[in-house]
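Please read the structure below before turning to the comments.
Every number here is computed from the coordinates shown, using simple stated rules; none is lab data. This structure is a prediction, so every number in the text was calculated from the model and none was measured. Neighbour counts are summed over all protein chains in view; Cβ atoms, including those assigned to glycine, are modelled from backbone coordinates with ideal geometry.
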Amino acid sequence: MRMGFGYDVHPFVAGRPLILGGVKIPYSLGLQGHSDADVLIHAICDALLGAIAEGDIGKHFPDTDPQYKGIRSTILLARVATGMKEKGFHLLNIDATIVAERPKLSHFISRMVKEIAGVLEIETGRINVKATTSEGLGFPGRGEGIVAYAVALVEENGAH
Ligand code: MG
C-alpha cells in the first residue's frame, strides 16, 4: 500500500463561480485559477499522484497550457485516476479537509462526496470530505481564499 498527500490553495475573486468537489456552491465570489480552480479536487489529484509517485498536478496539467484553461477539474481527476489504474494501483480511500471561513459548506459535503466517488468509480463510503473554518486566523480566516488538504491510500493490484 502507498499513501499520498495533497495540498492546494486558491484566492477568492469576483466574477467566477465557486466550484468545490465538482459541485457549484452559491456564493458571491469564486476562486481564481487557470482551470475551474476547484481547490479540493486539486488537492485530491495531488494526493493520488503522490501515492503513485507521479509528481504533482502542475507537472501533468501545466497552467501555462491553454488546453486546461477553464477546464473542469473533475476531468483532470478522472485522468489522474486512469493513470493510477494504468500504473497498476487501485484506490482504497481518500480523506480531505476544506478550510474556508465562508461560505458554509456543510450542506454540500454529501454532494461533493458523491461527485468525487462517481469520478473515481468507487463507493461513497471510501471518500470522506470535511469542512472547517480557520477560526478567523490567517488568510483563510480573513476570507481571502480556500485551502484544501487530502490524503489518499492506494494499493498495488495483486498485492496480498
Ligand atoms: Mg490548484
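In whole angstrom, how far apart do the alpha carbon centroids of the range 146-160 and the range 89-127 sit?
Cα centroid to Cα centroid, the span is 13 Å.
Evaluate E = 1/(1 + (r/R0)^6) for residue 159 and residue 79, where r is the Cβ-Cβ distance and R0 equals 30 Å; express this FRET efficiency to the nearest 0.05.
Efficiency for this residue pair is about 0.80.
By counting other Cβ atoms within 10 Å of each Cβ, how are 120, 20 ranked from fewest to most?
The fewest-first ordering by Cβ neighbours comes to 120, 20.
In deg cm²/dmol, rounded to 500, what helix-only [θ] at 222 nm does the chain give when every DSSP H run of at least 4 residues adds -39500 (n - 2.57) and the total is split over its residues?
After summing the helix terms and dividing by residue count, I get -8500 deg cm²/dmol.
Among 110, 73, 35, which comes first, second and so on when ranked by fewest other beta-carbon atoms within 10 Å? Before the final figure, lay out the partial values.
Working: 110 12, 73 27, 35 21.
Least to most surrounded, the residues fall as 110, 35, 73.
Which whole-Hz ³J(HN,Hα) couplings does the range 112-128 yield from phi under the Karplus relation 6.51 cos²θ - 1.76 cosθ + 1.60, θ = phi - 60°, glycine and proline marked x?
Going residue by residue, I get 4, 4, 4, 4, 5, 4, x, 5, 8, 6, 9, 5, 4, x, 9, 10, 10 Hz, with x marking Gly and Pro.
What does the charge count around residue 5 come to, taking other residues whose C-beta lies under 13 Å from its C-beta (Lys +1, Arg +1, Asp -1, Glu -1)?
-3
Give me the extension gain from residue 69 to residue 135: residue separation times 0.36 nm, minus the current Cα-Cα distance, reported in nm with one decimal.
20.4 nm
Which FRET efficiency value, to the nearest 0.05, is calculated for residue 2 and residue 32 with the Förster distance at 41 angstrom and r the Cβ-Cβ distance?
Values: r = 32 Å, r/R0 = 0.78.
Efficiency at R0 = 41 Å is approximately 0.80.
Using C-alpha positions alone, give me the convex hull volume of the chain per residue in cubic angstrom.
Once divided by residue count, the hull of the chain is 103 Å³.
Quick one: order 46, 38, 65, 56 by neighbouring beta-carbon count within 10 Å, fewest to most. Could the numbers behind the result be given before it?
Working: 46 25, 38 29, 65 10, 56 15.
Sorted ascending by nearby Cβ count, the order is 65, 56, 46, 38.
Under a 5 Å amide H to amide H cut-off, with H placed in plane at 1.01 Å, what residues pair with residue 71 once short-range neighbours are removed?
36
For the range 1-106, state which chymotrypsin sites (Phe, Trp or Tyr not before Pro) are in a DSSP loop and have at most 12 other beta carbons lying within 10 Å of their beta carbon.
none
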